[in-house]
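To keep things clear, I will list the structure first and then write my remarks on it.
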Amino acid sequence: VNHMNHASGAHERLENLHPLAPRILAHLRDRDDELRRDLAEWVAMPTGHGHAPGLERQREAIVSRLERLGGTARSIPGDPRPDWLLPAAGGGDGVVPSTTVVARPASGPRVLLGGHIDTVHDPDGAFRELAPLEGHHATGPGAADMKGGLLVALAALETLDALDLPVSWSFFLNEDEETGSFHSFAALDSLARAHDVGLVFEPALAGGALAVERMGAGQFRLETFGQAAHVGREFARGRSAVTALARCLVAVADLPDADKGRIVNVGPIEGGKATNIVPDHAVAWGNVRFRDAATATWLGERILSLATSPDAMPRVEVEYLANRPAKPETPAVRRLADEAVAIAASIGAALPLAATGGVCDGNILQNAGLPTIDNLGVRGGNLHRADEFVELDSLVERAALTAILLARLQSGRLDLA
Ligand SMILES: [Zn+2]
């Protein structure tokens, strides 16, 4: 007959997951105040809009602690961003962002952890610091997306180190996720190919949910060239680029179908300079989302087919790039997610599974063949807004979840093959 109360019952289940699991949880609970102070410090480092000094401080704050764990840092230069894309918000200072990797190889599965240190927030705006709200909530730029998550990952590795449990890890930090990861795509793709499991620390979905399926995303530009003419004197000679663009946009408007996992959005658009001149140039930018590779191909083909021959009048030129491949649920991802759910339950946290249309670098990692779960970061909300918030009690919770997951991966208790 079992007379144990609930608490000790949960404790025993935790020990069954890994002999060190109770100590992992206790160690992190002891560090709760310290982690909250770390987060306040990091949130106060402005890393939006390519702000170089803030990015430098944030990068150093993380890299120095990873080096203390025995990691070796290197920097992978970024690729140029295609010049037909809309400029990134804020523009940055012209420096091409690089990707930083800190690696500490050991035996066992090679785990790639990490995330982005950039945020969407204006470094010169009013929203600059972590400020307490009701209960365990606090508001601040990047608090949830994703400085809180990076802290979760770092705290998990520090805990395993403190308990002498060596895990083979590489930690990546990129600086252009919020503007599409165009500079870091190749770096992430090659890192993914040299690892066995991917863990990215984007914030939890609504209700604390873990994403097991993400749509992919792509960008396109439609540009039309016509013949300018004065509207009153020689209208018949003119060929309107705006009309040509409008015909393309009507065709594009037929492509989205939510049931088939296809989303297409157009905007901004530009065309013409004055009402009394037939416009000879117009351009529209757009964004597509798709649920799988076949849908991505279908959309890409139709958008690219709007291009005319180079000597047509009017002429249509099309650029298209699927920069975030779709991330469908795979058996390995499902096993990782189910494992995370079981660990969460044993530490008293709910972890529902969900699908989302939102994209992140997990899309890039998994496209390279790396089984990845990508939003093990903090619970929070109102991302990309001036009231972004973090649930501070999720720092310890998610760090414990991550550390126990890593411990189980290391001990071979979780088979992803
Ligand atoms: Zn993010």
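Read-outs throughout are calculated quantities, based only on the coordinates presented, and are distinct from any laboratory measurement. Predicted model only: the values in this text are computed from it and were never measured. Heads up, the Cβs are rebuilt from the backbone with ideal geometry, glycines too, and the neighbour counts pull from every protein chain shown.
Numbers below:
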read-out: Considering only region 78-230, percent of DSSP beta bridges that pair antiparallel, nearest 5; value: 45
read-out: Gap separating the Cα centres of region 55-107 and region 244-322, nearest whole Å; value: 33
read-out: Rg and Dmax of the chain, Cα atoms only, in Å; value: 24.2, 99
read-out: Ellipticity estimate at 222 nm from DSSP helix runs (n ≥ 4, -39,500 (n - 2.57)) divided over the chain, nearest 500; value: -10500 deg cm²/dmol
read-out: Computed magnitude of the charge dipole of region 154-243 (debye, nearest 20; Cβ of K, R +1, Cβ of D, E -1); value: 1000
read-out: Net lengthening on full extension, Gln227/Ala194 (0.36 nm per residue, minus Cα-Cα); value: 6.6 nm
read-out: Alpha carbon convex hull of region 259-312, volume per residue in cubic angstrom; value: 102
read-out: Shape box of region 79-200 [Cα atoms, principal axes, largest first, Å]; value: 44, 43, 18
read-out: Label-point gap, in nm, between Thr72 and Ala293 - each point 7 angstrom along Cα→Cβ; value: 3.4
read-out: FRET efficiency, Val95 to Ala126 (Cβ-Cβ, R0 22 Å, nearest 0.05); value: 0.30
read-out: Extent along principal axes [Cα atoms of region 311-373; Å; largest to smallest]; value: 66, 21, 15
read-out: Angle in degrees between helix 293-304 and the longest Cα principal axis of the chain, rounded to the nearest 10; value: 20
read-out: Size of charge dipole - the chain - debye, nearest 20, with Cβ of Lys, Arg +1 and Asp, Glu -1, no other charges; value: 780
read-out: For region 119-125, 3J(HN,Hα) per residue [Karplus equation, 6.51 cos²θ - 1.76 cosθ + 1.60, θ = phi - 60°, Hz, x = Gly/Pro]; value: 10, 8, 7, 5, x, 9, x
read-out: Region 349-417 - Kirkwood radius from inverse mean 1/r over Cα pairs (Å); value: 14.3
read-out: Under Karplus coefficients 6.51, -1.76 and 1.60, residue-wise ³J(HN,Hα) of region 275-287 in Hz, glycine/proline x; value: 6, 9, 10, 5, x, 9, 8, 8, 8, 9, 10, x, 9
read-out: Order by protection proxy (mean Cβ within 10 Å, highest first), peptides 296-305, 325-334; value: 325-334, 296-305
read-out: Rounded to 5, percent antiparallel among DSSP beta bridges of the chain; value: 75
read-out: Among Phe235, Phe225, Phe172: highest mean-square fluctuation, GNM of the chain, C-alpha pairs under 10 Å; value: Phe235
read-out: Alpha-carbon centroid distance for the pair region 137-166 / region 379-417, whole angstrom; value: 8
read-out: Protection-proxy order for peptides 62-74, 134-146, each taking the mean of Cβ atoms within 10 Å per residue, highest first; value: 134-146, 62-74
